[in-house]
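Structure first, commentary second.
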Amino acid sequence: MSEEKPFPSRKSYRPGLVFQPSAHQHIGRGIEKLVAAVRPTLGPTPRTVAVSHLDNDKKTPDVLDNGGIIARRVIELSERDEDIGAMLARALICRQHETMGDGSATAAVLLGALYAGGVHYLAAGGNAMRLRHYLERALALALEGLNGQTTRVEGKEALAQVAESICHDRPLARLLGEIFDIIGAYGQLDIRKAHSRELSREYIEGMFWNSGLFSRDMIENRWELQTVYEEPAIVIADFQVNDPRHIMPMLEIAVEEKIEKLLLIAGELSADAIAGLMLANGKLKNFRVMAVRGPGANPDDRQAAIADLAVLTGATPLLKDAGHRLKDIERANFGGARRAWASPHNFGIIAGKGDPRQLRQHVSNLQMQYQRTEDADYRDKVRARIGKLMGGSATLWIGGLSDTEIDRRKALAEATAGAMRAAVKDGVLPGGGMALLNCRSALETKLNGGADADERAAYRILYDALAEPARAIYENAGYEPGEIFARLAHADAGSAFDVINGQLTSERNQLDSAVCQASALRNAVLTAGMALTIDVLVRHKTPDIARSPG
């Protein structure tokens, strides 16, 4: 990629059409160039790619070893017909990176091999549409082969192996292995910058939200800047409370029911309403109350948080859209918890007293939403909700020698955590490219047994492509792939080549997320099939203004 520039040169391109076989040649060269930029990052001993800055070439280039980030930095190739192929590859790599957090380099390498094999066959007279059809059928067999190798991963040591195969940062991997051993697939994990050089972690009992007390006057522990209530009652309202008289019915019920601690979660409180609550703290004997702002940055998030809090605590929320007012409160609106705490920026609930069956059903519904949606942002929100309701919370503090190092490591931790969640939830596969290599046995019977030439070609193309990720890993580690494949062919079943130690081993020293590998394979085959059936490129006139990055 060193000969490419971020933007095309200003020479003129006339509009026109590009037909076969030139269309395949241009697309292939574009795919090949982008794959070549990402391929060095594959494996536990990745090489790196230096990317210059668009705004200032004199700045020190960013040295990257993440295929997804590298692909995002490639904005455009100078040859516009090749750029079409490059952007097809870029879309695949970025989608894999954004949805799975891992497997982007694997997807790229698979795509390059599949397209090159497909074009070679089409040049010999093959049919593109039939080849695409049989590639998708071969994909189903390969995915079955991956599924047959999938195992569940348990224990912090095994989880640390998965993390290290993703991030190649052993200290970070060890902490992430410990964290996910505790919080599970859906647990809440906040990754934050630390004012130190070290990595550290902190576990929080129960669940918490990023929304805090309305007033610092409600803080009881000035040293820790928080208030903790044991066995509090909980009231939830999504609207603003302006009139201090509207809080009186709530306080009267609390006194009648002999409630000693009360947590009010409200949309907003006026200064007068806050003053009314503070007055109650001073005048009502054996009674304390604190109020926190309802969580959520927008109406949809606030509505979701209220639904979760209601199920968790057993409270019946007071809702603005239903015409509710705080002065109309009844005893049935009160929920509870074993403990609640709040600070100026957060509040948490430990062991909510909602109906366990309703909570399980609510979590099950959220898990179904998580599985069905393809919107990455919505999946993250649903996953965070599930994590809060299931009660596992942790904070990972990222330190370093400089802000640049901290930012890089934080981004790495976030991407690794996303892939780790998938591994914990859906299982793991042998790493180092071995899982894909092992899938070839499922295709062998079809290589020569098919009656159709296009079918045999499709299985052969996928068969060869499945070895390409392992080949890239061996090359990146400095080994001769042919020699390693020969040694594996004569080794015992279940053997793998450890590129770190340089020897064959029967131990699973490397593990990959099963769902990430399956996603990379599926996306690569579908993208290759689509690209192979492109017959014509439409070339527009060169735009007058260079395309902006994004």
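What follows is calculated from the coordinates using simple rules that are stated; it is not laboratory data. All of these numbers come straight from a predicted model, not from anything done at the bench. We place every Cβ from the backbone using ideal geometry, glycine too, and count neighbours over all the protein chains shown.
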Tensor-based shape of the chain (alpha-carbon gyration tensor, a/c under 1.5 rounded, otherwise prolate or oblate)
prolate
What is the packing order of peptides 92-105, 522-535, taking the mean over residues of other C-beta atoms within 10 Å and listing the highest first?
92-105, 522-535
Once the dipole of the chain is set up from charges on Cβ (+1 Lys and Arg, -1 Asp and Glu), the residue from the list A107, P21, N286 lying farthest towards its positive end is N286
Taking a crude spin-label model, label points 7 Å out from Cα along the C-beta direction, the T505 to K59 distance in nm is 3.9
Given R₀ = 45 Å, what would the calculated FRET efficiency be for M368 paired with L17, taking r from the Cβ atoms and rounding to 0.05?
0.45
Using θ = phi - 60° and the Karplus relation 6.51 cos²θ - 1.76 cosθ + 1.60, list the HN-Hα couplings for the range 465-477 in order, rounded to whole Hz, with x at every Gly or Pro.
5, 5, 8, 5, x, 5, 4, 5, 4, 5, 4, 5, 8
Which Cα, out of S506, Y378, L159, lies furthest along the positive dipole direction of the chain (beta carbon charges, K/R +1, D/E -1)?
Y378
Nitroxide proxy distance, nm - points 7 Å out along Cα→Cβ at H345 and L401
2.8
In Å, the Kirkwood hydrodynamic radius of the range 175-261 over pairs of distinct alpha carbons?
17.2
Principal axis extents for the range 209-354, Cα atoms only, whole Å, descending order, please.
35, 30, 29
Quick calc, H490 & E231: beta-carbon distance into FRET formula, R0 51 Å, rounding 0.05, result 0.15
Using 17 Å as the cut-off for backbone N distance, which residues of the range 238-255 belong to the label zone defined by a point 7 Å from the Cα of A275 along Cα→Cβ?
241-248
For the range 422-517, size of Cβ-based charge dipole, Lys and Arg +1, Asp and Glu -1, in debye:
140
Tell me whether the range 116-169 comes out rounded, prolate or oblate; compute the Cα gyration tensor, take square roots of the eigenvalues as a ≥ b ≥ c, and use a/c under 1.5 as the rounded threshold.
oblate
Which order do the peptides 512-518, 115-121 take when ranked by the mean count of other beta-carbon atoms within 10 Å per residue, highest first?
512-518, 115-121
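Which value, in debye to the nearest 20, gives the size of the charge dipole of the chain about its Cα centre, when Lys and Arg are +1 and Asp and Glu are -1 at the Cβ?
600
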Of the residues T48, G449, V536, the Cα lying farthest along the dipole of the chain towards its positive end, which is defined by charges on the beta carbon of Lys, Arg, Asp and Glu, belongs to V536
If I model a spin label as a point 7 Å beyond the Cα along the Cα-Cβ vector, how far apart are those points for I182 and Q25 in nm?
6.1
